[in-house]
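The values are calculated or read from the model by the stated rules, or taken from the named source; none is laboratory data. Just so we're clear, the structure is a prediction, and the values are computed from it rather than from any experiment. In this analysis, Cβ positions are derived from the backbone assuming ideal geometry, glycine residues included, and neighbour counts consider all displayed protein chains. Calculation scope for accessible area: heavy atoms of the full protein, side chains included, ligands and nucleic acids excluded. Shrake-Rupley method; radii C 1.70, N 1.55, O 1.52, S 1.80 Å.
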Amino acid sequence: MSLIQWVHFPPLGDARGSLVALEGEKTVPFAIKRVYYIFGTQPKVARGFHAHRDLKQVAVCVTGSCRMILDDGSTREEFLLDSPTKGVLIKDLVWREMHDFSEDCVLLVLASEHYDETDYIRDYEQFLKETKS
Ligand code: T46
């Protein structure tokens with residue numbers, strides 16, 4: 001099965017423009033405990049380079065684009081996040097990297113848990129060990 005699980009957000013547009021509603025346990029497949037967004041990323045900067053032990057997230061570029069890599073320790077897939085109506089679900093024990101941020105990129109992330117630095121695996125060899133255990 002592909003690592004890339006798209007989550008589609010139907011645009012509720014009318015003659016005035018577009019609106020997208022993100023609802024926990026409905027359009028987003030978990031209860032949302034935290035929301036953060038990444039913006040103003042400097043040229044040539046890549047982010048991420050870690051996995052989480054117990055965290056589900058949905059990431060969506062509400063404006064602009066970035067290239068994301070997901071890796072579960074055996075498969076590595078990359079894709080473009082470039083639509084405010086299409087997010088990606090990132091599950092536990094998946095290594096993620098974000099590259100090639102457009103100047104206007106705002107990457108919105110919805111998370112199933114509060115921030116916890118001890119949940120991060122920031123070393124790739126340690127990540128591989130934990131995927132195998
Ligand atoms: C992820 C990708 C997509 C907080 O204090 N609270 C928070 O909720 C977050 C997300 C971060 N921080 C602090 C921790 C660092 O001092 O903000 C700083 C930057 O975080 P980090 O270096 O982890 O940022 P990214 O872009 O590498 O990763 C982030 C998320 O941390 C991560 O969970 O999946 O975006």
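Quick notes on this one:
- Residue identified as touching a Leu at 6+ places or on another chain (Cβ under 8 Å), of a type in the set (Val, Ile, Thr) and open to solvent by 30 Å² or more (accessible area, probe 1.4 Å) among 35, 58, 28: 35
- Every condition in (1) at positive phi; (2) near the ligand (Cβ under 10 Å from one of its atoms) holds for residue 114 except the one numbered (1).
- Neighbours by Cβ (under 6 Å, 6+ apart or cross-chain): first from the stretch 39-55, over 15 Å from residue 131 (Cα atoms) and in a strand (DSSP E or B); second more than 9 Å from the ligand (Cβ to nearest atom) and of a type in the set (A, V, I, L, M, F, W, C): 39/106
- Restricting 128, 70 to residues that are more than 14 Å from the ligand (Cβ to nearest atom) and in contact (Cβ under 8 Å) with a residue 40 or more places away in the chain narrows the list to 128.
- Residue among 72, 82, 14 that alone is loosely packed, with under 11 Cβ neighbours inside 10 Å and more than 14 Å from residue 112 (Cβ to Cβ): 14
- Just one residue in the set 109, 35 is within 28 Å of residue 19 (Cβ to Cβ), out of contact with any Phe, Trp or Tyr (no Cβ under 9 Å at 6 or more places or on another chain), within 10 Å of the ligand (Cβ to nearest atom) and not basic (Lys, Arg); that residue is 35.
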